[in-house]
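So the structure is just underneath, and the comments pick up after that.
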Amino acid sequence: MNSQKIERTLVLVKPDGVRRSLVGEVVSRIETKGYVVVGLKMITPTREILEKHYAEHAGKPFYEPLLEFMLSGPIVAMIAEGNRVIEGFRKLAGTTDPTTAEPGTIRGDLARDQGTKVVQNIVHGSDSPESAAREIAIFFPELS
Ligand code: IDP
Ligand code: MG
């Protein structure tokens, strides 16, 4: 709990979050928690970038709908920094399914089941130091 290791995590505001003008809300939750946003950009991702980012899900039933959804509009990519930020942002985001995500979390407060093939849940956050390094390199190649 007292680890002093400063981490970085990749946060994405997905197209649903951008469409609903929730970029500021997401940034605000990260910053008011005390993490520091050290990189931020709005991009229209290519299919190639998303295939790299979501490689672990290739072949799953929601994979194609996930790529289509992520290609449906601009997204905002951010790097958040702080002690244990990888775990901390996952807690701020809440669980994958917005119906059961705890109120108080980004997904629990701001998203709901839309009846779509892929769950639309506002944000992505890296799930481990290895994923964070890999994903930051995909979205911020200029930093590596
Ligand atoms: P995470 O974003 O909470 O880490 P992952 O399992 O990595 O969840 O899945 C990536 C994204 O794919 C989720 O955020 C969600 O948008 C979508 N997704 C994951 N599991 C399902 C599912 O069972 N049905 C539909 N969409 C899903
Ligand atoms: Mg994930």
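The values are calculated or read from the model by the stated rules, or taken from the named source; none is laboratory data. Please read these numbers as outputs of a predicted model, since none were measured by experiment. Virtual Cβ from ideal backbone geometry, glycine too; neighbours counted across all protein chains shown. We work out accessible area using only protein heavy atoms, side chains counted, and drop any ligands, DNA or RNA first. Shrake-Rupley method; radii C 1.70, N 1.55, O 1.52, S 1.80 Å.
The table below gives the values:
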item	result
Top-ranked residue of region 107-144 - restricted to ones that are more than 14 Å from ligand 2 (Cβ to nearest atom), among the aliphatic types (A, V, I, L, M) and assigned to a helix (DSSP H, G or I), ranked as surrounded by the fewest Cβ atoms within 10 Å (Cβ to Cβ)	Leu143
Residue within region 91-101 that is more than 18 Å from Asp127 (Cα to Cα) and away from ligand 1 (no atom under 11 Å from the Cβ) present	yes
Test for Thr100: is it assigned to a loop (DSSP other than H, G, I, E, B), modelled with pLDDT of 95 or more and either open to solvent by 70 Å² or more (accessible area, probe 1.4 Å) or β-branched (Val, Ile, Thr) (or both)	yes
Residue match in region 46-62 (condition: more than 15 Å from ligand 2 (Cβ to nearest atom) and either touching a residue at least 60 places away in the same chain (Cβ under 8 Å) or touching a Phe, Trp or Tyr at 6+ places or on another chain (Cβ under 7 Å) (or both))	yes
Hey, Glu68 more than 16 Å from ligand 2 (Cβ to nearest atom), farther than 15 Å from Gln120 by Cβ, modelled with pLDDT of 95 or more and not in a strand (DSSP E or B) or not	no
Flag for Arg84 being surrounded by 12 or more Cβ atoms within 10 Å (Cβ to Cβ) and touching a residue at least 60 places away in the same chain (Cβ under 8 Å)	yes
Residue in region 28-44 that is within 16 Å of ligand 2 (Cβ to nearest atom) and not in a strand (DSSP E or B) present	no
Residue list for region 56-75, restricted to those being of a type in the set (A, V, I, L, M, F, W, C) and over 15 Å from the mean Cα position of the chain (by Cα)	Ala58, Phe62
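Residues checked against (1) out of contact with any strand residue (DSSP E or B) (no Cβ under 8 Å at 6 or more places or on another chain); (2) modelled with pLDDT under 95; (3) near ligand 1 (Cβ under 9 Å from one of its atoms); (4) not small (Gly, Ala, Ser):
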position: Met78; (1), (2), (3), (4): no, no, no, yes
position: Ile86; (1), (2), (3), (4): no, no, no, yes
position: Asp109; (1), (2), (3), (4): no, no, no, yes
position: Val118; (1), (2), (3), (4): yes, no, yes, yes
position: Ser126; (1), (2), (3), (4): no, no, yes, no
position: Pro129; (1), (2), (3), (4): no, no, no, yes
position: Phe140; (1), (2), (3), (4): no, no, no, yes
position: Ser144; (1), (2), (3), (4): yes, yes, no, no
